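To start, the structure itself, in structure tokens.
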Amino acid sequence: MPWLFLLLAIAAFAIAMTTPSMALAIICILVALVLLVIWVMGLVAQRVGTRSRDETMMIDPQELRRLREQAEARRAAGQVGDGGSAPER
């Protein structure tokens, strides 16, 4: 879709270069500049949209706390299961 704005901007510049009317040329140049800005903003929006994270995959604070508690419980269970002593030689 942003490429449509670029094509329209090029067409507006072409009209501005070929028209004998100064007022129409100024209007076409202003329209072309606005269309170029819209085109660039569309490209930036697409780039940002493809690089943004999926919000459904984010972990909320309660889930993060629960996962930390589970990890601490596993760590504590692993230390108790080992007995805390190293084998002697």
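The values are calculated or read from the model by the stated rules, or taken from the named source; none is laboratory data. Please read these numbers as outputs of a predicted model, since none were measured by experiment. Cβ placement follows ideal geometry from the backbone for every residue including glycine, while neighbour counts extend to all protein chains displayed. Surface areas here come from the heavy atoms of the whole protein model, side chains and all, with no ligands, DNA or RNA. Shrake-Rupley method; radii C 1.70, N 1.55, O 1.52, S 1.80 Å.
Restricting to segment 1-13, name every residue that is part of a helix (DSSP H, G or I), touching a residue at least 12 places away in the same chain (Cβ under 8 Å) and open to solvent by 100 Å² or more (accessible area, probe 1.4 Å).
3, the sole residue that qualifies.
For segment 14-68, give me each residue that is closer than 17 Å to residue 2 by Cβ and open to solvent by less than 80 Å² (accessible area, probe 1.4 Å).
Of segment 14-68, the ones closer than 17 Å to residue 2 by Cβ are 31-51.
Result: 31, 32, 35, 36, 38, 39, 40, 42, 43, 44, 45, 49.
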